[in-house]
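For reference, the structure discussed in these notes is given below.
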């Protein structure tokens with residue numbers, strides 16, 4: 001495939017558009033993100049744009065491509081994805097506290113934290129499904145949706161287990177809490193790795 | 001199909017898969033086990049993902065009436081009450097009705113919020129009266145033409161007992177005493193507190209009451225503060241037991257313990273023995289654990305929470321207590337699981353030969369079992385002072401063939417003149433069952 005001209009959008013792949021960029025464009029993008037301008041000049045010397053930017057003749061060089069996600073991860077999606085994690089982690093810790101202390105209040109805490117994780121998990125799953133509906137089920141977006149789905153279903157089963165009285169929650173509740181918390185962490189990692197506004201290539 | 005259409009289809013398919021997965025958990029009908037008498041069959045413990053709930057679907061009585069055996073008739077002698085629970089027949093034939101709704105148990109888990117909303121559908125929506133209503137049939141024609149408030153501003157009154165001129169009322173937080181003179185229709189003064197009763201949380205709030213045959217002691221049944229310790233063991237201090245209270249001083253001692261929810265007490269005529277009906281624990285399956293009728297032994301421990309029906313350990317209690325399990329007494333008579341026995345009264349020969357020797361038990365009816373059980377008043381026949389034989393339906397038809405529930409029996413009282421008084425806290429009615437004149441059942 002012929003390399004497109006600077007600034008041109010390659011529409012052959014609608015879901016993951018490739019955009020070439022020049023040093024100048026890269027600088028502006030990087031500056032907007034508050035990142036350091038690195039390794040983009042032909043002499044290989046790292047310079048921060050504030051102190052020592054590229055020479056004028058370098059400014060229009062095509063230096064790379066940005067993979068443009070068609071709809072960058074929304075702050076909302078990121079927020080619910082992030083909010084789910086500490087709730088499920090907290091449920092795990094509280095279940096462990098009940099397991100080791102027999103103090104019932106820990107089990108009540110675990111119930112509520114699981115319920116909270118399910119609320120945010122449901123919204124995160126919904127966001128992932130909307131992404132798929134818009135951009136197609138491929139690669140990481142499908143992985144994320146499936147991870148969130150499994151997390152949520154197991155979390156819901158865990159909520160039902162936590163509806164049992166006293167020690168009837170154990171040991172199933174603790175085991176499920178561990179699995180759900182780990183799945184929530186993996187979901188968040190996959191989400192934040194994949195669902196970013198643009199990645200250099 | 002277009003690309004966009006395909007994407008939507010995938011998203012919808014995932015959503016549907018979730019919905020189907022969630023819907024795929026429901027239980028079938030429970031096998032009917034013979035669970036009556038001294039040696040009920042106890043199946044394995046079970047608890048699925050969702051409890052098997054069948055909530056009463058209330059409907060008005062209309063032209064229907066509860067059914068009674070041939071030779072008996074039933075009529076409503078009072079309606080429109082504020083949740084009638086227990087009744088007391090006074091020496092002159094007047095009937096006192098305790099009305100109210102108690103309990104202040106906080107909702108601790110998401111489950112409590114969901115379950116309480118579902119269960120509320122099967123109960124009356126009217127406000128509790130927090131009063132005693134007096135019913136009088138002055139001319140003896142079976143119509144109770146006088147319905148008047150005997151005392152109000154009480155706190156969820158439940159158990160009632162009369163000793164001479166002292167009328168005892170077990171509120172949800174205290175045992176109180178009114179002065180009572182024969183024929184009185186209104187309490188002349190506020191009651192005197194005999195003793196405070198355990199009332200923190202009051203998960204099981206009803207305080208049942210019976211007076212010893214000599215009137216020296218009062219027995220108060222105090223229910224547990226949880227189904228099975230899910231509110232913590234510290235909430236169970238002074239709970240799930242029967243107190244013996246000295247009528248003169250108000251001093252008390254634990255008379256018997258391990259009785260999960262002793263919802264009604266009665267003194268057996270002749271022997272003076274204390275008996276109780278007890279509601280056992282839930283969420284171990286449709287046929288566990290049987291509610292029971294038992295004589296209450298002084299100093300006896302009846303299992304809750306550590307075990308049920310003797311030495312059957314309940315694994316939901318942690319830490320466990322093998323010594324208490326070993327000490328647990330096996331109750332006398334199983335009434336069946338989840339029937340929710342809330343009333344007990346010993347019969348008298350005035351009730352007719354077939355129902356002369358035994359005890360009537362009001363069964364409020366199940367909420368966590370399919371098919372539902374209870375929703376009737378049974379007669380447990382006695383011989384030589386002990387239960388003998390299966391329970392017999394005495395008042396039934398509270399739950400109709402159409403699946404609608406029109407009433408839920410609570411307290412039962414035997415009128416020495418030959419009638420059974422039944423409080424119904426769903427239709428807020430007092431029923432009176434009498435022998436049909438001219439018949440000898």
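The values are calculated or read from the model by the stated rules, or taken from the named source; none is laboratory data. What you see is a predicted model, and the numbers here were worked out from it, not measured in a lab. Cβ atoms come from the backbone with ideal geometry, glycine included; neighbour counts cover every protein chain shown.
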statement: Checked the stretch B:60-73 for anything surrounded by fewer than 16 Cβ atoms within 10 Å (Cβ to Cβ) and at negative phi; matches are B:60, B:63, B:64, B:67, B:70, B:73
field: Condition broken by residue B:59, with the remaining ones in (1) within 22 Å of the chain's Cα centre (by Cα); (2) at pLDDT 75 or above; (3) within 29 Å of residue B:390 (Cα to Cα) satisfied
entry: (3)
statement: Among strands (runs of 3 or more DSSP E) entirely within the stretch B:341-441, at least 2 residues that are more than 24 Å from residue B:207 (Cβ to Cβ) and in contact (Cβ under 8 Å) with a residue 24 or more places away in the chain occur in B:376-383, B:392-395, B:429-435
- line: Note on the stretch B:292-310: residues out of contact with any strand residue (DSSP E or B) (no Cβ under 8 Å at 6 or more places or on another chain) and without any contact (Cβ under 8 Å) to a residue 24 or more places away in the chain are B:310
- request: Residue by residue through the stretch A:103-118, note down the ones that are closer than 29 Å to residue B:319 by Cβ, within 10 Å of chain B (Cβ to nearest Cβ) and in contact (Cβ under 8 Å) with a residue 24 or more places away in the chain.
  value: A:104, A:107, A:110, A:111, A:114, A:115
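Test residue B:154 against the criterion of being in a loop (DSSP other than H, G, I, E, B) and over 28 Å from residue B:434 (Cα atoms), and give yes or no.
Yes; evaluated as a whole, the condition is true for this residue.
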- request: Report yes if residue B:199 is part of a loop (DSSP other than H, G, I, E, B) and touching a helix residue (DSSP H, G or I) at 6+ places or on another chain (Cβ under 9 Å), otherwise no.
  value: no
message: For the stretch A:119-128, give me the residue count where each residue is surrounded by fewer than 24 Cβ atoms within 10 Å (Cβ to Cβ) and either at the interface with another protein chain (Cβ under 10 Å from one of its Cβ atoms) or not in a helix (DSSP H, G or I) (or both).
response: 2
message: I need a count of the residues in the stretch A:151-188 that are in a helix (DSSP H, G or I), within 10 Å of chain B (Cβ to nearest Cβ) and either buried (at least 22 other Cβ atoms within 10 Å of the Cβ) or in contact (Cβ under 8 Å) with a residue 12 or more places away in the chain (or both).
response: 10
- request: Would you mind stating whether residue B:155 is away from chain A (no Cβ under 14 Å), in contact (Cβ under 8 Å) with a residue 12 or more places away in the chain and either at positive phi or crowded, with 23+ Cβ neighbours inside 10 Å (or both)?
  value: no
message: Considering only the stretch A:71-80, I want to know if a residue exists there that is more than 30 Å from residue A:138 (Cα to Cα) and modelled with pLDDT of 60 or more.
response: no
task: Test residue B:313 against the stated conditions and say whether it is touching a residue at least 12 places away in the same chain (Cβ under 8 Å), within 14 Å of chain A (Cβ to nearest Cβ), touching a strand residue (DSSP E or B) at 6+ places or on another chain (Cβ under 6 Å) and surrounded by fewer than 24 Cβ atoms within 10 Å (Cβ to Cβ).
output: yes
- prompt: Which one is surrounded by the fewest Cβ atoms within 10 Å (Cβ to Cβ), of the residues in the stretch A:129-146 that are more than 9 Å from chain B (Cβ to nearest Cβ) and within 18 Å of residue A:186 (Cβ to Cβ)?
  reply: A:139
query: In the stretch B:48-59, what residues are surrounded by 14 or more Cβ atoms within 10 Å (Cβ to Cβ) and out of contact with any strand residue (DSSP E or B) (no Cβ under 6 Å at 6 or more places or on another chain)?
result: B:49, B:51, B:52, B:53, B:54, B:55
